[in-house]
Amino acid sequence: MRQMMVAGNWKMHGSVAFTSDMVTTLASKVVIKENVTLLVCPPAVYLAQAAAAAAHSGVHVGAQNLASVASPGAYTGEVAGFMLADIGCQYVIVGHSERRALYAEDNEIVAHKAKVALDAGLVPLVCVGETLEQREAGKAQEVITAQLDAVSAVIGVDGWSQAIVAYEPVWAIGTGRTASPEQAQEIHAVIRARLAELDAGMATAMRILYGGSVKPDNAESIFSQLDVDGGLIGGASLNADDFARIYACAQTK
Ligand code: PGA
């Protein structure tokens, strides 16, 4: 049985007070089970605070992005992977569709960032997903396969065995339009099969999260799918009750 994960991507939301409330609420109210990792990904400026508040609670902390450069240097505004590890982050999201669309991160940059994350001792959550246009053109599998293959070329089987994949159809993110459990399962199976071409054991062990308008009332049916190993939650992760309810859904699998 694969370990499940429920991860919250706060995006550009939060404050000192919010971070404190959210992490202490989750740490005190959620019964954290060993077989379901609970992860929060606040904005970079709140990571150290979140990591300190989460210490020894079972709540894990991850970043939403990292610099593509590994070593210190003249890169104004960037946050390096080693800095994230230094302040207690264990995970980092790479290749979120908002970074791909708004900050021109292409498959090669995403692959490189996954490698930089691994080298810094972080677990990359590698996001893949198709746009509505690509889905309607029948190209979802092709797009996702290309996104995965670019990462495979850089991190290989060893890298993947330390990573997590998140399938996030772009048309389902922040839209209230969730993929049906069957649509999610179909693509998750494609992802696992593609990784199995590299290494069957790695693919079987891979955690593949679904993201895109996951809410307390649809989480259980999505998580119940064979190849869905949890969720990457945006909007609903900003409400402690909703996020806790989604976390509880992952425990029922
Ligand atoms: P959403 O976002 O849950 O608000 O749709 C998911 C994500 O972007 O990770």
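Every read-out reported here was derived from the displayed coordinates using simple, explicitly stated rules and does not represent laboratory data. Note that the structure is predicted; figures quoted are calculated from it, not measured. Please note: Cβ atoms are built from the backbone with ideal geometry, for glycine as well, and neighbour counts cover all protein chains shown.
With an 8 Å cut-off on Cα pairs and a minimum separation of 6 or more residues, tell me the relative contact order of the stretch 57-149 in percent.
Details: 118 pairs, mean separation 25.5, N = 93.
Relative contact order comes out at 27 percent.
Lysine pairs, Cα distance under 26 Å, 8 or more residues apart or cross-chain: how many in the stretch 4-250?
Working: K11/K29; K11/K33; K11/K113; K11/K115; K11/K215; K29/K215; K33/K215; K113/K139.
Value for the stretch 4-250: 8.
Quick one: in the stretch 4-250, what % of C-alpha pairs are over 32 Å apart?
Values: 4175 of 30381 pairs.
So the portion of pairs separated by more than 32 Å is 14 percent.
Please list 150-159, 13-22 highest first by mean number of surrounding beta-carbon atoms within 10 Å per residue.
On the way: 150-159: 17.6, 13-22: 15.3.
Sorting 150-159, 13-22 by mean packing, highest first, produces 150-159, 13-22.
List the relative contact order of the chain as a percent without decimals, with contacts defined as Cα pairs under 8 Å and 6+ residues apart. Intermediate values should be presented prior to the final figure.
Numbers: 499 pairs, mean separation 51.1, N = 253.
It comes to 20 percent, rounded to a whole number.
Taking the highest mean first, how do the peptides 72-85, 176-189 order by number of other beta carbon atoms within 10 angstrom per residue?
Details: 72-85: 14.6, 176-189: 17.6.
Result, highest mean first: 176-189, 72-85.
Mind ordering 1-9, 134-142, 44-52 by average Cβ neighbours within 10 Å, highest first? Could you put the intermediate results ahead of the total?
On the way: 1-9: 20.8, 134-142: 14.9, 44-52: 18.9.
In descending order of packing, they fall as 1-9, 44-52, 134-142.
So what's the back-of-envelope 222 nm ellipticity for the chain, counting only DSSP H runs of four-plus at -39500 (n - 2.57) apiece and dividing by all residues, rounded to 500?
Only helices count here, giving -14000 deg cm²/dmol.
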